[in-house]
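A short write-up of the structure that comes next.
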Amino acid sequence: MYSDIIAEQKRKYGKRLAILGHHYQSDEIIRHTDLKGDSLELARQIEKLEAEYIVFCGVHFMAESAAIVRRDNQKVYIPDASAGCVMANMAPAWLVDKVLTKILNETGRKIIPLAYVNTPAAVKTVCGKHGGSVCTSANAEKMLKWALKQGDGVLFLPDKNLALNTADKIGIPDEKRILLDIRGKGEKIDTQKTVDKDLLIWPGLCAIHQRFKLSQIEKFRKEYPGCKIIVHPECPPELVHAADGDGSTSYLIKYVNESPEGATIVIGTETNLVNRLKNMFPEKNIIPLGISICSNMAKINEKNLADLLINLDTSEYEDVSDEIRAHAKTALERMLQVCA
Ligand code: 13P
Ligand code: SF4
C-alpha cells in the first residue's frame, strides 16, 4: 500500500523529484530510489540533479551535506530527520572548534582539520574556516595526503578507525600519530604531546563496525578455507589487517560483483547491504561477518517516505544557515575538486 503511494507520487512529480538512497537502506526503500550510492557518489550527484525536490534516504548528515551543496532552486528532504549518525554526534562543532583552537594557539603549528563526511554541517564549517576539508571512506587516502601538504599536521575526525586505517595505508608511522584525549570537554589535552605528530586523531567510532571481532575472521578462515573476507574501513585496524580487502560500501559491492561464481565472501559491514548482496548474487556464497544493523538508517521506511511524498509541498526541508553554509561548502567543494 505504501509502495503504491510512493509510486503514484513519483509519477506525479516526474523529473522534478529525485529519491536518493545510501547502500545501508533496506530493500523496501532502495527499490524506490532513482540513485543509490556510497557517501561520496551521492554527494557528487546533488549539483548535477535536475530535480528541484531531493529526498535523501539515509542518515541526517547525508541530507545536510546535500543541503549545503544544493542549488537555490532545490530543496532537500529526509523522511525522518531523527535518523542521526552516532559517530557524527561524537564530534560536536563547539568541541571541535575548542580543541582545534587550543592546539593552534598553544603549539603555533598549522594544523589542518579533515572531517569524515559523517559530521554535522557546523563541523564542516570549522574545517572550511581553517583551510581543511572533508573526506569519505572512498577517498580518505587521497584527502589525508592532500591535507598533510596544506600544513604542519592534520586533525582527523571523528572516526579513529578510519584515521588509523588510512594512516597505515599511506605509511604514517605510529610515532607520528596521537589519539587525542578529549575528556573533560577538551580541557585535558596536553597540546605539547602533539607538537611532533603528523596525525592528531579524534577518538570517535562507529559502534556498528566496532563490534566486529578478529575472532570472527579467524573462525571463518577455518570454516571456509580459501574464502575472501572484506570489511568497511570503519572497522578496527586489526580486522582490516586480517581481511583481504577494505573499502567504502561501493568498494564492497564492486568486490562481490567482480568475484568469480562460487566464491565465498565474508563481509564485515552493515547487515542491510550484506543481505542485499546475498540476494543479488545467489551464485556466490555471501556471508555476514556478524549481524550489525544501523538503527538510524533503519528509521527510514516506506511509511515515512510515503508520508513525506504526499506532503512534499508543505513538509519541512533540510537547510543550513548562510553562515554555516559558506565555509562548509568550501570544505566540501575542496574535496570534490581534489577528487574530481
Ligand atoms: P560509505 O561512504 O562507505 O557509503 O559509508 C558511509 C557510512 O556511514 C558507513 O558507516
Ligand atoms: Fe553512522 Fe555507523 Fe550508521 Fe554509518 S553505520 S550511519 S557511521 S552509525
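The values are calculated or read from the model by the stated rules, or taken from the named source; none is laboratory data. All of these numbers come straight from a predicted model, not from anything done at the bench. When we count neighbours, we look across all protein chains shown, and the Cβ atoms used for this are built from the backbone with ideal geometry, even at glycine. Note: areas computed on protein heavy atoms with side chains; ligands, DNA, RNA excluded. Shrake-Rupley method; radii C 1.70, N 1.55, O 1.52, S 1.80 Å.
Before moving on, here are some points about what is shown:
- Evaluating Glu28 against the criteria (1) in contact (Cβ under 8 Å) with a residue 40 or more places away in the chain; (2) within 13 Å of ligand 2 (Cβ to nearest atom); (3) not hydrophobic (A, V, I, L, M, F, W, C) leaves one unmet condition, (2).
- Test: residue in region 258-268 that is closer than 17 Å to Cys206 by Cα and within 16 Å of ligand 1 (Cβ to nearest atom): yes
- Put simply, of Ala7, Ala43, Ala93, Ala83 the only residue that is modelled with pLDDT of 95 or more and within 15 Å of ligand 2 (Cβ to nearest atom) is Ala83.
- Verdict on Gly186 being surrounded by fewer than 17 Cβ atoms within 10 Å (Cβ to Cβ), on the phi > 0 side of the Ramachandran plot and assigned to a loop (DSSP other than H, G, I, E, B): no
- Of all residues in region 294-330 being outside any helix (DSSP H, G or I) and acidic (Asp, Glu), the one that is surrounded by the fewest Cβ atoms within 10 Å (Cβ to Cβ): Glu316
- Within region 196-209, residues that are under 12 Å from Ile111 (Cα atoms) and in a loop (DSSP other than H, G, I, E, B) sit with their Cβ atoms under 7 Å from residues that are more than 9 Å from ligand 2 (Cβ to nearest atom) and open to solvent by 20 Å² or more (accessible area, probe 1.4 Å), at 6+ positions apart or across chains, in these pairs: Lys197/Lys176; Lys197/Arg177; Lys197/Ile178; Asp198/Leu148; Asp198/Lys176.
- Of the helices (runs of 4 or more DSSP H) contained entirely in region 66-151, those carrying at least 3 residues that are more than 18 Å from the chain's Cα centre (by Cα) and surrounded by fewer than 24 Cβ atoms within 10 Å (Cβ to Cβ) fall at 93-107, 140-150.
- Restricted to region 46-65, and to residues there that are in contact (Cβ under 8 Å) with a residue 24 or more places away in the chain and surrounded by fewer than 18 Cβ atoms within 10 Å (Cβ to Cβ), the residue that is nearest to ligand 2 (Cβ to nearest atom) is Glu47.
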